[in-house]
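Read the figures in this text as sums done on the coordinates, not as results from a lab. Treat the numbers as computed from the prediction; the structure is a model and nothing was measured. Cβ coordinates were reconstructed from backbone atoms using ideal geometry, including for glycine residues, and neighbour counts include every protein chain displayed.
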Amino acid sequence: MVRNVFRKRGLDIPRYYLYLSKTKVGMLYPQIPRNVVRSLETEMKASIGVLQATIRGGKRPDDTDLYLQAAVVDRYLVRHDQVGTVTAPQPYVKDVATLKYGIVSEYAADIAFFGGIVEETKLGLIGSSDSMVGEPQRTETGHAPFYYTLKFLGRAADADATSTGSPPYHSYADAYEIALNATSIAAKVQFLGRVLHSEPGLLIVTPIYVAVAD
């Protein structure tokens with residue numbers, strides 16, 4: 001678990017990351033107009049002061065730039081009305097929920113998964129296991145055909161668009177239940193992510209970050 005030490009001063013900025021996608025930040029950050037980036041970075045640097053990054057149980061390279069860029073992406077998306085909540089989703093979703101999480105594996109395929117129920121909506125956050133921070137729990141599902149579904153979900157999480165296809169062998173709802181049953185650690189988290197799939201009672205999101213909620 002990585003700890004971000006911020007002088008928060010009223011800003012909604014994560015302190016303890018469980019998941020942080022360098023790929024998604026690196027994809028979205030360059031798309032923000034440069035004058036807006038400069039304005040947001042100046043605003044945040046003045047507000048949060050000195051940022052440090054440490055990891056429990058060992059050392060980690062200073063990822064200050066990544067954290068600042070993630071904060072800029074977060075602020076830009078929210079300010080431009082592209083961000084909703086689990087119960088009222090937009091192309092992006094930012095919310096707080098108590099979710100079970102870990103790395104769900106089947107043979108050589110795996111995904112990072114966070115899941116739980118928000119009001120009456122089943123929420124699943126699906127991303128690359130490489131973006132998990134620290135040493136999260138890893139669990140084999142014991143569902144042989146799930147390998148192909150995991151491969152599909154992993155590719156969908158990396159794509160820059162809402163998924164239009166369906167997973168092989170298992171539906172999104174089936175995949176959610178299998179992954180949820182394979183995880184046991186739970187935490188109250190805050191997250192920002194892009195909607196992959198939405199249907200009544202089920203929302204699948206690929207996260208930009210997931211952090212422990214204060």
**OP:** Mind sorting Thr149, Thr87 by how few other Cβ atoms lie within 10 Å of their own Cβ, fewest first?
**Re:** Thr87, Thr149
Original post:
Tally Lys and Arg at +1 and Asp and Glu at -1 over the other residues with C-beta under 11 Å from the C-beta of His170: what net charge comes out?
Top reply: -3
**OP:** Take the Cα radius of gyration of segment 83-153 and divide it by 2.2 N^0.38 Å, with N its residue count; two decimals is plenty.
**Re:** 1.20
Subject >> Gain upon complete extension [Ser39, Glu120; 0.36 nm per residue less C-alpha separation] >> reply: 25.3 nm
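Pull out the extension gain between Glu140 and Ser184, defined as 0.36 nm times the separation in residues minus the alpha carbon to alpha carbon distance; nm, one decimal.
Numbers: separation 44, 0.36 × 44 = 15.84 nm, distance 1.23 nm.
Additional length available on full extension: 14.6 nm.
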Original post:
What is the mean projected area of the alpha carbon convex hull for segment 84-212, to one decimal in square nanometres?
Top reply: 6.8
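In segment 115-214, which GluC sites (Glu not before Pro) fall in coil by DSSP and have 15 or fewer other Cβ atoms within 10 Å? Don't skip to the answer; put the middle values down first.
Values: sites: Glu119, Glu120, Glu140, Glu177; in loops: Glu119, Glu120.
Listed in order of number, the matching sites are Glu119, Glu120.
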Original post:
Can you sort Met27, Met44 so the residue with the fewest Cβ neighbours within 10 Å comes first?
Top reply: Met27, Met44
**OP:** Treat the count of other C-beta atoms within 10 Å as a stand-in for reagent exposure and order Lys188, Lys151 from fewest to most.
**Re:** Lys188, Lys151
Original post:
How big is segment 155-214 on each of its three principal axes, counting only the C-alpha atoms and giving the largest first in Å?
Top reply: 36, 27, 22
Subject >> Per-pair calculated FRET efficiency, R0 = 22 Å: Asp174 and Thr98 via Cβ, rounded to 0.05 >> reply: 0.45
Original post:
Check Leu18: other-chain or 5+ apart residues with amide H under 5 Å from its amide H, H built from backbone geometry?
Top reply: Val210, Ala211, Val212
**OP:** Excluding Leu202 itself, calculate the net charge of residues whose Cβ lies under 11 Å from the Cβ of Leu202, where each Lys or Arg counts +1 and each Asp or Glu counts -1.
**Re:** -3
